[in-house]
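Encoded as structure tokens, the structure appears first; notes follow it.
What follows draws every value from the coordinates through simple rules; no lab data is involved. Please read these numbers as outputs of a predicted model, since none were measured by experiment. Every residue, glycine as well, gets a Cβ built from its backbone with ideal geometry; the counts of neighbours run over all protein chains shown.
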Amino acid sequence: MLDPRCAGGTGLCGCPRDGRRIRSPARPRLLCRLPAALIVLLLVGGCSGGVLDPQGPIGAANRLILLDALGIMLVIVVPTIVAILLFGWWFRASNTRARYRPDFVYSGGIEIVVWSIPILVILFLGGVIWIGSHALDPFKPISSPDKPAEVQVVSLDWKWLFIYPDQGVASINELVVPAGVPVHFSLTSASVMNMFFVPQLGSMIATMNGMVTQLHLAADKPGEFYGQSAQYSGGGFSDMNFMVRAVPQDAFAQWVATARQSGSALDRTSYLALCQQSKNVSPFTYRSVDANLFDAIVSQQLPPCPGPNVEGAGAGVRSRTER
């Protein structure tokens with residue numbers, strides 16, 4: 001006899017192709033969805049590389065703030081869900097002990113609970129935000145016996161320029177830093193506002209034309225971390241990402257030495273060519289950099305880049321198609 005729930009013989013949830021059910025009709029159909037739900041949980045559990053997988057002290061502090069805020073909010077969310085279930089169970093139609101009070105309009109005790117819990121949640125969240133905003137001030141240096149490495153960051157359309165003033169080299173769409181050493185970033189934009197963000201290292205910060213923002217980050221150990229622009233800035237925005245490579249100090253010195261022996265020089269003339277719109281730009285380096293280039297960009301001695309509203313941009317500087 002065919003089970004009507006197996007009409008069409010789909011073969012799903014225990015229904016073979018001939019339409020007969022193998023499992024008992026009383027088995028909850030929800031069980032049929034458990035394998036898919038387990039697969040989703042396993043996939044989520046395997047996620048890495050985001051803000052919940054920090055690789056530096058600032059990222060770890062950011063994760064702690066997120067978890068603290070989640071715990072504080074669960075203090076009101078979980079009891080509310082439990083109360084809904086309890087109310088639904090207690091005031092069911094078959095419960096003759098539940099009192100029906102159609103004239104009930106006010107209870108001082110209920111008002112105290114209803115208002116005091118949200119107020120406490122707001123106070124605790126405010127405290128977490130207050131403490132975190134001072135402890136994680138982007139301008140505040142990271143305590144370390146090592147001297148911070150200096151990196152000047154310029155957001156372009158649509159690529160990132162990283163200048164190493166102490167080493168006299170620069171790179172495009174690749175940020176190489178020594179692992180275990182604090183890094184002091186000075187950031188500006190040659191075009192519209194952008195957001196510099198390395199999720200595993202923490203602290204998203206804006207880059208703005210004519211202004212300099214400061215940021216201190218550090219990577220605890222060697223590794224590669226994804227970085228990106230976190231604010232839409234035009235048609236090439238999806239390509240505006242970069243890799244952060246944290247390497248041992250001797251490997252960093254070797255990278256600098258290699259950069260000094262290859263590539264071209266980045267002076268004001270070559271910067272104006274670099275400033276033009278380009279998409280999907282592969283990482284490359286400059287063997288030398290004009291020592292005053294960053295200051296000239298900030299002070300607008302060099303004109304701002306055209307901006308994302310300019311259409312018909314060329315293929316760009318050293319795009320992957322050209323390479």
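Local charge sum around Val177 (other residues, Cβ-Cβ under 15 Å, Lys/Arg +1, Asp/Glu -1)? After counting each charged neighbour, the total is -4.
Ranked by the mean number of other Cβ atoms within 10 Å of their residues, highest first, the peptides 255-266, 95-106 fall in the order 255-266, 95-106. Modelled spin labels at Met211 and Ala135, positioned 7 Å past Cα toward Cβ, are 2.7 nm from each other. Averaging 1/r over every pair of different alpha carbons in the stretch 149-298 and inverting the result gives a Kirkwood radius of 15.2 Å. Sequence-ordered 3J(HN,Hα) estimates for the stretch 144-154 from the Karplus curve with 6.51, -1.76 and 1.60 and θ = phi - 60° stand at 6, x, 8, 5, x, 6, 9, 9, 9, 10, 10 Hz, glycine and proline given as x.
Note down the nm distance, to one decimal, between modelled labels 7 Å out along Cα→Cβ at Ser238 and at Val105. Computed distance between label sites Ser238 and Val105 equals 6.0 nm.
In terms of packing, defined here as the mean over residues of other Cβ atoms within 10 angstrom, the peptides 162-171, 226-235, 64-73 line up highest first as 162-171, 226-235, 64-73. Each of Phe242, Ala206, Gln277 was placed along the dipole of the stretch 149-298 (beta-carbon charges, centred on the mean Cα), and the one lying farthest toward the positive end is Gln277.
Computed extension length for Leu52-Val113: 18.6 nm, one decimal, from 0.36 nm per residue of separation with the Cα-Cα distance subtracted. Subtracting the Cα-Cα distance of Thr80 and Gln249 from their residue separation scaled by 0.36 nm leaves 55.6 nm. In terms of the mean number of neighbouring beta-carbon atoms within 10 Å, the peptides 131-140, 272-281, 82-91 order highest first as 272-281, 131-140, 82-91. Placing dummy labels 7 Å off each Cα toward the beta-carbon, the span from Asn95 to Lys147 is 7.1 nm. For Ser278, the residues 5 or more places off, or on other chains, whose built amide H falls under 5 Å of its own are Trp158.
Taking each residue as 0.36 nm, the span from Leu70 to Gln301 lengthens on full extension beyond its C-alpha to C-alpha distance by 78.5 nm.
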